[in-house]
Amino acid sequence: EKVQTAAGTGTGVFVGNVPLDTTQSGSSFQLKDASRGGQSTSDMNNGTAGSGTLFANTSNTFGDGTVSNRESAAVDAQFGAAKTWDFYKSTFGRNGIRNDGVGAASRVHYGSNYVNAFWSDDCFCMTYGDGSGDTHPLTALDVAGHEMTHGVTAATANLNYSGESGGLNEATSDILGTMVEFYANLPSNPPNYLIGELINLRGDGSPLRYMDQPSKDGVSADNWSADVGNLDVHYSSGVANHFFYLLSEGSGAKTINGFDYNSPTADGSTVTGIGRDKAAQIWYRALTVYFTSTTDYAGARAATLSAATDLYGSGSAEYNAVAAAWTAVNVN
Ligand code: ASN
Ligand code: ZN
C-alpha cells in the first residue's frame, strides 16, 4: 500500500479547528506527522502501559471539540507537539527535542481520572490524563510545551529535579512552554504568562501558576531566599519565572492580550523589559551552553549573563537588563 503525507484537519478540545499533517496508508489516515520526525498520537484507552493505539480514520478529519469524542484530545496533543516542534526549529534551529530529527509520540486518555501530564525519556513520549471525572483533559498547549521542554532539558543541561536546580528545571518548562503558546498565537488560546489557565485544574478557573507574580498561587516564591531550595520544584521555579517575566516585560502593571499583570520587584527597583523573544534566546543559550545538572540560582545568574554577553555584548542593554532582573528577584 502506498504511504504518503496528507493534509488533514482536526478540532481539539482547546485548539479549535486546525490543520494537521497526517499519514495516508491505503484508505486510512493516521495521526502521524512525517514532516516533523514522525510525531504521532495514540489512544491509551484508559490503560497505563504500552504505547496505545495510533489514531486513524478514513475521513482525515479528527475530533469535534467535545471531550466525549476520543479524537478531540488527540488533536490537541498532536497539534501541541507540532507547534512545539516548529517553535524549537524556527526560534533556535533545534531539530526536535533531542536535536536529532526524531519526533516524540504523544499518548492521550492515560489511566482513569488522571489529573496530570508528563514527559518520559524512557518512551521518548508525552502522556496526558483526562483529568478529574475524565472530563478535563490536560492537553492544553502550554502544558504540551511545558512537558516536552522537560525532554529538551534532559537532553541538554539535565538539571537535577530537586533543590534549586529542580526549580530551574521546572521554570525552564514554564518559560519555554509559555513561549510555545506565544509562538502559536491561537485565537482560541490568546498567549499569556499564566500556566495551565485552560485546563481548570482547581475548578475555579484559576491558572496553575503566575509568572508575573508567582506568589499569587499562595505557595510559589517570588524571590530568592536561602531556603527556596527546600520548596517543591513547582514553587521554587517561581524565582526564575518571575525573573523571566521581568526581563521580558519589565516591572509594574501591564496588560497584554487582555491579561492583566502586575510584577513587583524584591528591592523596589524598576526593571525595563527587553521583550520575550530576546529573553527566550538568552534563556535557551544559558540552558544549552552554560547550565549543568547542579546549576543553582547564583549559577543561573552567571549563565544568563554569559549568554547575554555572547548574544548581545557585555555592555549591552540586554546584558544590563539580565543583571537588573536577577537583582530584582534577590539573586545577586
Ligand atoms: N506535570 C508535572 C510536571 O511536569 C509532572 C512531573 O513530571 N512532575 O512537572
Ligand atoms: Zn514540569
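In table form, for the structure just shown:
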read-out: Boolean, ASP33 is within 16 Å of ligand 1 (Cβ to nearest atom) and closer than 21 Å to THR11 by Cβ; value: no
read-out: Odd one out for VAL180 among (1) in a loop (DSSP other than H, G, I, E, B); (2) within 15 Å of ligand 1 (Cβ to nearest atom); value: (1)
read-out: Members of region 108-122 found to be of a type in the set (A, V, I, L, M) and more than 11 Å from ligand 1 (Cβ to nearest atom), listed by number; value: VAL108
read-out: Subset tally (residues that are under 21 Å from ASN330 (Cα atoms), free of Cβ contacts under 8 Å to residues at least 12 places away in the same chain and either assigned to a loop (DSSP other than H, G, I, E, B) or out of contact with any Phe, Trp or Tyr (no Cβ under 9 Å at 6 or more places or on another chain) (or both)) for region 244-288; value: 1
read-out: Any strands (runs of 3 or more DSSP E) falling wholly within region 3-77 and containing at least 1 residues that are within 18 Å of ASN116 (Cα to Cα); value: 39-43
read-out: Of residues in region 92-120 being crowded, with 17+ Cβ neighbours inside 10 Å and of a type in the set (Ser, Thr, Tyr), the one nearest to the chain's Cα centre (by Cα); value: SER106
read-out: Candidates ASN223, ASN158, filtered to the one that is surrounded by fewer than 23 Cβ atoms within 10 Å (Cβ to Cβ), in the same structural domain as PHE291 (by TED's automatic domain parsing) and more than 11 Å from ligand 1 (Cβ to nearest atom); value: ASN223
read-out: Top-ranked residue in region 195-216 [being outside any loop (DSSP other than H, G, I, E, B) and out of contact with any Phe, Trp or Tyr (no Cβ under 6 Å at 6 or more places or on another chain); ranked as farthest from ligand 2 (Cβ to nearest atom)]; value: SER215
read-out: Extreme residue, farthest from ligand 2 (Cβ to nearest atom), among residues of region 116-169 that are in a strand (DSSP E or B) and touching a residue at least 40 places away in the same chain (Cβ under 8 Å); value: CYS125
read-out: Conditions (1) out of contact with any Leu (no Cβ under 7 Å at 6 or more places or on another chain); (2) in a strand (DSSP E or B); (3) within 15 Å of ligand 2 (Cβ to nearest atom): number failed by SER106; value: (3)
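The values are calculated or read from the model by the stated rules, or taken from the named source; none is laboratory data. Every value quoted in this text rests on a predicted model; they were computed, and no experiment measured them. Note that we place each Cβ from the backbone using ideal geometry, even for glycine, and neighbour counts take in every protein chain shown.
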